[in-house]
Amino acid sequence: MEKHEIIRDFKNRINSFVERTLTGYVVPPSGEKVIHDPIWGSVLYKSWEIKLIDSPLLQRLRDVHQLGMADLTYTAARHSRFEHSLGTTAIAGRMISRLRERYADNEEITVTDSDVNMIRLAALLHDVGHCFYSHLSETVYGDMSQFPIMIDHIMGEENAPKKPAPHELFSYLIITSDAFVKFFHTHIDYPNKGTEEKCRKLLRDCARMVIGVPLKGTYGETLTYMTSIINGEFDADKLDYTQRDSYTAGLAMTYGIDRFLLKLIICRDSDENGDNFRLAVGADALTIIEELLFNRYILYVYMYRHQKVLATESVIRDIIRGLVRSGRLTHPCDFLYCTDTYMEKPENNSIFPYPDKDPSLTLGMLMGRIKNRRLPKRIFETDLEKLKESGYIDITDRLEDLCADAVSEEDPAKILAQMKKLFAERSEEMLYEKELSDLAEFFGTKNTERAKEVREEYFELLKAEYEANGKKADFSLYDLHICFPKPFGNTCSFLLVNKDGKIRSAADIAYINKWLSSFSAEKWKGYVFCNANVDKELAKNAFTKLLRSRDPMIKLFREEEIPNT
């Protein structure tokens, strides 16, 4: 199919999904309701919000786990995208309402009731595009051939400043679909909604915020602060999941949300493109920014990247890819019809998804590993310290590499000295973080084909180990799992406003970026997991050979020793 045909087909499929989901739904009369939330307390939702909340589009999120299968490790972490969506609406409403109060008498900045309603609407719908097991499934459908074409199209159409996540794109397309616009105009008593075309514009603005596109004001000014509440560094989504995920995991992390709200500011940042009204906090609230960053990183370390969580996710991905290979899911939009219980349908159990690699393996067998908690075991673990101990290149070598291109320039000694001075101001971990990212790239962390290639090579090396030791290779490719994640983000550019009105970015505060990079690198771990039927020692030997066999691993490891568990 040509690109324009793929885009048209994609949009038609989204529209059909919305139509089918809403077919037969009779919108009941409803008034406002108070819903009690363990994170945000008692929250009042207006009648139009309740009608959306009760609709099948939002109700399907009850069967989409927020954290995939993390409850196998953190037993209470069973909350769904549904309560997260309600919580995001609650805190987004508090954020925009606080800004309206602050600027009630300001002639330059006006936050209206319409702005409050639109923010709450966007927050309520921001996750409507999530599919089963949340981010786990989007790592699969986001790699399907149609998806990059659709993302490029929307980015160009909306002049998006960054690439949206796959579920964000789904949410955008659902919110802007003809079927949803018609439903919204006909059945939802949104304040002053006007004509269908006015509803279409409102919903498109909401969808733009979901994918991170700044809105334009009446006079051409850029209203980045509105989008930042929905999709920004400290948006309502992150404020909710940081609290909700840690609460259900029993980590009990808190931050000064009330102080954060009190310190929220809209600052005017003007350049050749005109006025840009951006979200910031007073500089005296820097400690809250530190708390938010710390809590988020702690969640990555102790929850999102817990070794048992990663092991479980690796099996789930094999199941999802098996559904694709078997023809059950042939297009990204097919995923929208599936929630978490879809995985457990009896008709899926007898599917043989990998006949070319393991003709005896069924999806039921893979699901059995999850249900009975026969999860892959860790047989190899490495971190930054082990990498350095095993001959990981030292900082001096790294600096010489980074300066290699500079020595061909005029006055190379001067350029080299400048480069060394620059990197001397950064922590060692900031330099090593680049190497960890390269390592993750080598193992195909975000490249399905690359990950498949490395896994198959590891499988062949392990078979050779078995043969060399006179053992029968009674294991499958799908008994082996390599997980070398990328270090999590290491920058924060949230704006701070001094008492004299001067605006600065958190990115300019050296210790924050040094701390973020150091923490990211020092807490990074790479794993290899294998099922119980695999010989651990032989698996370690085979992985050692894999590391040594490929460039750029030669740069990362010496011959003397490979880090081990």
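Please work out whether region 487-534 counts as rounded, prolate or oblate from its C-alpha gyration tensor, where a ≥ b ≥ c are the square roots of the eigenvalues and a/c under 1.5 means rounded, while otherwise a/b larger than b/c means prolate and anything else oblate?
Because a/c hits 1.5 or more and a/b exceeds b/c, region 487-534 counts as prolate.
With helices defined as uninterrupted DSSP H runs, which ones in the chain have an alpha carbon span along their own long axis of at least 15 Å and mean Kyte-Doolittle hydropathy of at least -1.0?
TM-like helix candidates: 3-22, 81-102, 113-125, 146-158, 166-176, 196-210, 286-299, 307-325, 412-424, 428-442, 510-522, 536-549.
With both partners inside the chain, how many of the DSSP beta bridges are antiparallel, as a percent to the nearest 5?
Just about 90 percent of them are antiparallel.
In region 470-540, which trypsin sites (Lys or Arg not before Pro) are in a loop and have at most 14 other Cβ atoms within 10 Å, using DSSP for the loop call?
Within region 470-540, the qualifying trypsin sites (Lys or Arg not before Pro) (loop, at most 14 other Cβ atoms within 10 Å) are Lys471, Lys472, Lys499, Lys502.
Using only the C-alpha atoms of region 154-276, find the volume of their convex hull and express it per residue in Å³.
That works out to 162 Å³ per residue.
Could you list, bin by bin from short to long, the percent of Cα-Cα pairs of region 174-224 in 10 Å steps?
Going from the shortest bin to the longest, the percentages are 25, 47, 26, 1.
So how far, in whole Å, is the C-alpha centre of region 463-533 from the one of region 142-188?
29
For the chain, what is the accessible area per residue in Å² when the probe is 1.4 Å?
Accessible surface, normalised per residue, equals 44 Å².
For region 39-83 and region 306-376, what is the separation of their C-alpha centers, rounded to whole Å?
About 24 Å separates the Cα centre of region 39-83 from the one of region 306-376.
For the chain, what does the helix formula give at 222 nm: sum of -39500 (n - 2.57) over DSSP H segments with n ≥ 4, over the residue count, nearest 500 deg cm²/dmol?
-15500 deg cm²/dmol
Within region 161-259, which chymotrypsin sites (Phe, Trp or Tyr not before Pro) sit in a loop by DSSP and count at most 16 neighbouring Cβ atoms inside 10 Å?
Tyr219
If you build the convex hull over the alpha carbons only and average its shadow over all orientations, what do you get for region 54-122? Give it in nm² to one decimal.
Hull-based average projected area comes out at 6.0 nm².
List, in the order given, every pair from Lys3/Lys162; Lys308/Lys523; Lys162/Lys386; Lys345/Lys536; Lys386/Lys536 whose Cα-Cα distance in the structure shown is over 27 Å.
Result: Lys162/Lys386; Lys345/Lys536 exceed 27 Å.
Which shape class applies to region 195-347: rounded if a/c is under 1.5, otherwise prolate when a/b exceeds b/c and oblate if not, where a ≥ b ≥ c are the square roots of the Cα gyration tensor eigenvalues?
oblate
Please sort by residue number the trypsin sites (Lys or Arg not before Pro) in region 272-368 whose DSSP state is loop and whose Cβ has at most 16 other Cβ atoms within 10 Å.
Of the trypsin sites (Lys or Arg not before Pro), the ones in loops of region 272-368 whose Cβ has at most 16 other Cβ atoms within 10 Å are Lys357.
So what does log10 I(q)/I(0) come out to for region 1-114 at q = 0.12, 0.20 Å⁻¹, using the Debye formula with one equal point on every Cα and no solvent?
-0.69, -1.11
Note the direction-averaged projected area, equal to a quarter of the hull surface, for the Cα convex hull of region 47-186, in nm².
Over all viewing directions, region 47-186 projects a mean Cα-hull area of 10.9 nm².
With the dipole of region 1-77 worked out from charges on the C-beta (+1 for Lys and Arg, -1 for Asp and Glu) around the Cα centre, which of Ile39, Gly24, Thr75 lies farthest toward the positive end?
Gly24
What nm value, rounded to one decimal, do you get for the distance between Arg268 and Phe294 when each label is placed 7 Å out toward the C-beta?
According to this spin-label approximation, the distance is 3.6 nm.
Relative to 2.2 N^0.38 Å, what does the C-alpha radius of gyration of region 444-489 come to as a ratio? Two decimals please.
That works out to 1.39 for region 444-489.
Please report, in whole Å³, the volume per residue of the convex hull around the C-alpha atoms of region 427-525.
Here the figure is 117 Å³ per residue.
About its Cα centre, how strong a charge dipole does region 204-330 have in debye, to the nearest 20, once Lys and Arg get +1 and Asp and Glu get -1 at the Cβ?
800
If I compute solvent accessible area with a 1.4 Å probe over the protein chains, what percent of it on the chain is carbon and sulfur?
Result for the chain: 49 percent of the exposed heavy-atom area is carbon or sulfur.
Considering Cα pairs under 8 angstrom that are at least six residues apart, work out the relative contact order of the chain and quote it in whole percent.
This gives 14 percent for the chain.
Where does the Debye-calculated log10 I(q)/I(0) of the chain sit at q = 0.12 Å⁻¹, using only Cα point scatterers of equal weight, no solvent?
The computed values of log10 I(q)/I(0) come out as -1.32.
The values are calculated or read from the model by the stated rules, or taken from the named source; none is laboratory data. Because the structure is predicted, anything quoted here is derived from the model rather than measured. As a convention, Cβ positions derive from the backbone with ideal geometry for all residues, glycine included, and neighbour counts pool all protein chains shown. Please note that ligands, DNA and RNA were not included when accessible areas were found on the heavy atoms of the full protein model with its side chains. Shrake-Rupley method; radii C 1.70, N 1.55, O 1.52, S 1.80 Å.
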